[in-house]
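Report on one structure; see the data block that follows.
The values are calculated or read from the model by the stated rules, or taken from the named source; none is laboratory data. Please read all numbers here as calculations on a predicted model, not as lab measurements. Reconstructed Cβ throughout: ideal geometry from the backbone, glycine too, with neighbour counts over all protein chains shown. Note: areas computed on protein heavy atoms with side chains; ligands, DNA, RNA excluded. Shrake-Rupley method; radii C 1.70, N 1.55, O 1.52, S 1.80 Å.
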Amino acid sequence: MESRSVAPGLSSGRLERAVGWLFGSALCLLSVLVVAEVVMRKFFLVSLQGVDELSGYVLAATASLAFFMALMDRAHMRIDIFYSKLPPFLRLGSDGLAVMAMAAGACVIWAMGWITFAESREFNSVSQTPWATPMVIPQGVWLVTLLPFVGLAVVGWVRWVRALIRGDERTLSMFRAKGSEDELREQLQAIDARASDLRKEH
């Protein structure tokens with residue numbers, strides 16, 4: 001099946017499953033901790049201390065990697081109400097603008113995060129919670145989990161420019177806004193993949 005990812009060299013299926021298991025396990029564990037916190041506060045007047053803080057860190061890290069997965073599968077939304085009505089050269093310009101904006105936005109987010117991380121390191125900042133966590137730890141983890149998204153966004157922009165210069169229509173098509181045909185194709189591919197997995201299991 002033809003890959004429609006902005007990073008066709010990457011196999012998203014196994015990566016999605018691995019990230020899904022990782023995120024699912026982390027969120028399930030977090031749910032257990034939250035339930036335990038509520039029960040202990042209600043019936044034993046005891047708190048685990050820091051569950052809210054941990055929840056924020058887990059959600060920040062998982063959201064960063066979710067950005068990466070969404071970009072790799074072209075799942076970020078684009079307002080395309082006029083896209084199909086534009087002439088080809090304007091559609092191409094729209095695609096380039098979208099790719100450039102994604103790369104620029106990712107870089108700005110990472111740069112602002114780095115500035116915050118550097119300030120926390122300089123002033124030895126800690127969270128105002130019972131854990132008094134050094135802020136460089138969660139902020140550093142967040143920056144690391146954000147790197148794949150930033151890298152893929154920048155690589156995508158470079159690939160789009162190179163494809164434009166070379167007139168590589170196939171590569172340029174990978175950066176177009178998704179249409180109903182693309183979504184139908186992905187659904188059919190997902191059904192085929194699921195059916196293949198079921199046949200292997202039996």
Item checked: Probe 1.4 Å, protein heavy atoms only - accessible area per residue of the chain in square angstrom -> 66
Checklist line | Accessible area of the chain belonging to carbon and sulfur atoms, whole % at 1.4 Å probe | finding: 68
Notebook entry, point to check: Taking the simple approach of a point 7 Å from Cα along Cα-to-Cβ for both V38 and S125, what is their distance in nm?
Noted result: 3.1
Check: Using modelled backbone amide H atoms (1.01 Å from N, in-plane), which distant-in-sequence or interchain residues come within less than 5 Å of R74's amide H?
Finding: V6
Check: Add -39500 (n - 2.57) for each DSSP H run of 4 or more in the chain, then divide by its residues: what number comes out at 222 nm, to the nearest 500 deg cm²/dmol?
Finding: -26000 deg cm²/dmol
Next item on the list: Calculate, in nm to one decimal, what S47 and A63 gain on full extension: separation in residues at 0.36 nm each, minus their alpha carbon distance.
Entry: 3.1 nm
Check: Of S125, S84, which has the most accessible area and how do the rest follow, probe 1.4 Å?
Finding: S84, S125
Checklist line | Amide proton proximity set for V126, modelled H, under 5 Å, gap of 5+ | finding: M135
Checklist line | Structure-derived mean projected area of the Cα convex hull in nm² - corresponding label in [x] 15.9; [y] 13.5; [z] 18.2 | finding: [x]
Next item on the list: Calculate, in nm to one decimal, what A132 and A104 gain on full extension: separation in residues at 0.36 nm each, minus their alpha carbon distance.
Entry: 6.7 nm
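First obtain the Kirkwood hydrodynamic radius of segment 85-202 from its Cα pairs, then insert it into the Stokes-Einstein equation at 37 °C and 0.692 mPa s, and state the resulting D in µm² per second as a whole number.
Numbers: Rh = 17.9 Å.
For these conditions, the coefficient is 183 µm²/s.
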